[in-house]
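Nothing in this text is a laboratory measurement; each read-out follows from the coordinates by a stated rule. Computed from a prediction, not measured in an experiment: that's the story for all the values here.
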Amino acid sequence: MTNHFFGRVCLGAILLGCAGVALADEPRPRTVSVTGTAEIAAEPDLARLSLGVESRQPSMADARAAVAATVDRVLALARDLKIDPKHVNATRVQVQPEYSWNEKDRKRVLLGYLVSRQVEVELRDLEKLGPLIERAVDAGVNQLGDPMLDSSRRKDLEREAMSKAVEDARLNAESLARAAGVKLGAVRNLSAAGNGPVIPLYRMKGAMAEAAMAPDQTYRPGEMKFSANVSAEYDLLAGQ
């Protein structure tokens with residue numbers, strides 16, 4: 001029994017040793033690693049805009065009433081411009097008491113209240129952006145940032161850029177394979193990273209002052225840029 005057991009152990013060790021030699025002698029696969037890049041340009045077709053209203057008053061009630069009246073006018077403006085109500089959102093009212101320090105009495109003195117509210121608008125018709133901004137300022141909006149442009153086809157454009165980057169990587173790999181006198185095999189590894197779109201802004205230097213200008217003179221969108229980068233590893237096969 002003992003001799004039989006040791007015989008099996010020895011035979012197993014020999015087989016493992018032979019397999020180890022075979023693995024050691026097996027040539028490492030030849031591969032080539034490349035990168036690919038691509039960029040897609042697209043016209044923006046929507047804008048996101050924040051229309052802010054602030055009021056400072058000695059009385060909180062007066063400040064809230066002033067803000068509420070302006071917000072009501074902005075919401076009426078959105079309806080007048082036929083902006084879909086689901087793309088218009090009025091945020092909650094923010095109230096902040098404001099104080100000064102009385103050095104003589106060593107205590108704070110209430111000066112009044114700052115009340116603010118935002119109306120967030122997603123605009124699907126960029127032709128309405130100029131009129132919306134101008135009329136919102138006329139309605140009492142006093143906090144206005146640059147509108148952020150975007151595309152309703154963002155996901156499709158990101159995927160298109162990714163596909164073109166993969167194609168660019170394959171062409172790079174084929175070029176290297178031809179130069180080395182070998183054939184390009186299957187892809188072993190592929191990883192991708194989207195850089196996100198470069199989104200243009202409606203630049204509005206002194207936007208509150210420029211609001212009275214004609215829309216086609218004040219607001220001009222640029223192109224959006226969607227870029228992608230990929231890394232790929234391909235097998236190299238012998239022969240042309």
Please give every one of the lysines within straight-line cross-link reach of K82, meaning a C-alpha to C-alpha distance under 21 Å, and leave out same-chain neighbours fewer than 8 residues apart.
K128
Identify all aspartates and glutamates with a Cα-Cα distance to K86 below 13 Å; exclude those on the same chain that are fewer than 8 residues away in sequence.
E120, E122
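Multiply the residue separation of R79 and L176 by 0.36 nm, subtract the distance between their alpha-carbon atoms, and state the gained length in nm to one decimal. Walk me through the intermediate numbers first.
Working: separation 97, 0.36 × 97 = 34.92 nm, distance 5.99 nm.
My answer for the length gained is 28.9 nm.
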Per-residue HN-Hα couplings for the range 226-237, Karplus 6.51 cos²θ - 1.76 cosθ + 1.60 at θ = phi - 60°, whole Hz, x for Gly and Pro?
10, 10, 8, 10, 10, 10, 9, 10, 10, 6, 10, 10
Can you list residues from other chains, or at least 5 along the same chain, whose modelled amide H is less than 5 Å from the amide H of G185?
D235, L236, L237
Lysines near K183 by alpha-carbon distance under 27 Å, same-chain residues fewer than 8 away left out - which ones?
K164
